[in-house]
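Note sheet for the following structure.
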Amino acid sequence: MTHFTQRCLPLSILLAAACGGREAPDTFSVRDSTGVTIHDNLEAEWTETTAWRLSSEPILTIGTLDGPEEYQLFRVRGALRLSNGGILITNGGTHELRFYDSNGTHLQSVGREGEGPGEFKLMGAALQLGSDSIVISDFGNARLTVFDINGTFGRSFRLDPVPGGGTPFPLGLLADTSLLVYSTIRSEEELQQGLRRDSVLYARYSLDGAYLTTLTRRQGRESYMSDLGGGRISISSAPYGRNPLVTVFGNRWYFGSGDSWEIEVHSPDGALTHLFRRSQPNRPITKEIEDAYREAASNSGSNMPAAFTRMRASMPLPETMPAYRSFIVSDNGNLWVQNYTRSSEQPSWAVFRDDGRYLGDVDTPMSARIMHIGDDFVLVSWEDELEVEYVQMYELIIP
């Protein structure tokens with residue numbers, strides 16, 4: 001069952017308004033600060049009767065434990081609902097693009113492992129290019145490949161190196177069909193032991209792979225470097241570490257550091273134009289949470305070297321969790337921000353209109369990864385207790 005929680009205004013404010021006192025303060029405000037529009041949100045706009053929700057059961061499921069191979073999913077990298085109503089799944093385990101009709105019936109599979117045209121070595125997610133084409137990342141072959149929505153191969157191209165950076169990775173397509181990419185770079189200072197944070201360059205590329213311009217340099221993912229002895233160095237993700245999030249839609253791209261509930265909105269040339277803010281502090285890491293983490297890290301399994309297990313269990317934890325976990329923009333331009341929750345907790349997503357207004361939160365199925373959000377559907381992937389993978393579509397109910 002899906003639940004929604006609405007925060008209430010203080011009783012004193014409600015009583016003052018009822019008795020003819022001062023009006024309750026606005027829960028959403030917009031102001032300008034040196035050319036940047038700041039959108040401050042104190043409360044959600046939705047009420048219990050107007051809150052959005054997902055259907056209690058999926059309206060479409062693709063995936064099976066036993067059955068025809070084309071319905072057995074393995075290492076799903078992405079899923080899209082195409083403009084013709086069909087479903088595209090990038091099935092990384094078989095290096096295939098799998099096409100299904102609107103009822104989930106398999107139509108065809110395209111691609112295989114290899115280095116030739118239309119072949120893949122390490123697939124990524126699919127990016128939509130207009131209404132009739134898709135772009136697939138192939139990290140193993142260091143290239144991108146264009147197909148039409150019927151699976152016909154178009155062309156492949158490689159991305160030029162980012163000047164001063166490393167390997168470029170695509171993030172999304174802007175309205176002018178230029179690519180936003182990122183590249184991680186490491187300086188001598190960033191190679192120190194302990195808690196560390198790489199730098200990231202964000203740049204634009206043309207759709208033939210040519211470098212256009214570097215937009216900005218920002219802090220990257222927090223990680224932890226430790227000397228395990230015997231010449232072994234371990235670099236692993238920092239517990240509850242801050243990781244930059246970026247998503248692209250139309251003529252803007254969104255950036256969030258996770259340090260606080262603030263999301264930057266940038267124009268294609270990298271200029272900061274808006275700030276979306278939500279009045280919600282980061283969750284504190286309590287002693288209970290820290291103890292649970294250290295116990296889980298200490299029992300991480302016999303396959304891990306003892307030195308690595310000790311290192312994971314002794315890592316320092318920050319005082320708070322990051323503000324959020326993931327970004328995705330729906331087809332109609334609403335920004336969905338996944339609230340930061342632990343794996344055992346109900347996942348929820350905060351929804352913002354493109355004007356920065358915080359609408360409210362939508363609960364999503366446990367362990368599900370959102371792949372695509374349309375006007376009236378949400379497409380997710382998830383694994384069951386047997387690690388069988390599925391792609392499912394839920395109805396997005398908007399009262």
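The values are calculated or read from the model by the stated rules, or taken from the named source; none is laboratory data. The structure presented is a predicted model; accordingly, all values stated were derived computationally and were not measured. With ideal geometry, Cβ positions are generated from the backbone for all residues, glycine too; neighbour counts draw on all protein chains shown. When the accessible area is computed, the model is the full protein with side chains, heavy atoms only, and any ligands, DNA or RNA have been set aside. Shrake-Rupley method; radii C 1.70, N 1.55, O 1.52, S 1.80 Å.
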- Task: Report, by residue number, each residue of segment 326-343 that is closer than 28 Å to Asp376 by Cβ and either surrounded by fewer than 16 Cβ atoms within 10 Å (Cβ to Cβ) or in contact (Cβ under 8 Å) with a residue 60 or more places away in the chain (or both).
- Result: Ser326, Phe327, Ile328, Val329, Asp331, Asn332, Gly333, Leu335, Val337, Tyr340, Thr341
- Message: Checking the structure you have, find out if any residue of segment 383-399 is charged (D, E, K, R), in contact (Cβ under 8 Å) with a residue 12 or more places away in the chain and not in a strand (DSSP E or B).
- Response: no
- Query: Pick from segment 230-244 the residues that are in a strand (DSSP E or B), open to solvent by 30 Å² or more (accessible area, probe 1.4 Å) and farther than 16 Å from Tyr293 by Cα: which of them is modelled with the highest pLDDT?
  - Reply: Ile235
- Message: at pLDDT 90 or above, in a loop (DSSP other than H, G, I, E, B), crowded, with 16+ Cβ neighbours inside 10 Å and of a type in the set (A, V, I, L, M, F, W, C): which single residue out of Leu215, Leu201, Leu159, Leu180 fits that description?
- Response: Leu159
- Task: For segment 51-73, state whether one or more residues are open to solvent by less than 100 Å² (accessible area, probe 1.4 Å) and touching a His at 6+ places or on another chain (Cβ under 6 Å).
- Result: yes
- Item | From the options Ser102, Ser131, Ser137, Ser109, residue that is hydroxyl-bearing (Ser, Thr, Tyr), touching a Lys or Arg at 6+ places or on another chain (Cβ under 9 Å), at negative phi and modelled with pLDDT under 95 | Ser137
- Query: Just one of Asn91, Asn103, Asn141 is open to solvent by less than 10 Å² (accessible area, probe 1.4 Å) and in contact with a Leu (Cβ under 9 Å, 6 or more places away or on another chain); which is it?
  - Reply: Asn91
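A quick yes/no check of all residues on (1) under 20 Å from the mean Cα position of the chain (by Cα); (2) part of a strand (DSSP E or B); (3) not small (Gly, Ala, Ser):
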residue: Asp291; (1), (2), (3): no, no, yes
residue: Arg294; (1), (2), (3): no, no, yes
residue: Ala307; (1), (2), (3): no, no, no
residue: Arg310; (1), (2), (3): no, no, yes
residue: Ser326; (1), (2), (3): yes, yes, no
residue: Trp336; (1), (2), (3): yes, yes, yes
residue: Ser343; (1), (2), (3): yes, no, no
residue: Gly356; (1), (2), (3): yes, no, no
residue: His372; (1), (2), (3): yes, yes, yes
- Query: Do the conditions hold for Ala142, that is, is it hydrophobic (A, V, I, L, M, F, W, C) and in contact with a strand residue (DSSP E or B) (Cβ under 6 Å, 6 or more places away or on another chain)?
  - Reply: no
- Message: Go through segment 255-274 and report how many residues are under 23 Å from Glu222 (Cβ atoms) and either touching a helix residue (DSSP H, G or I) at 6+ places or on another chain (Cβ under 6 Å) or open to solvent by 20 Å² or more (accessible area, probe 1.4 Å) (or both).
- Response: 6
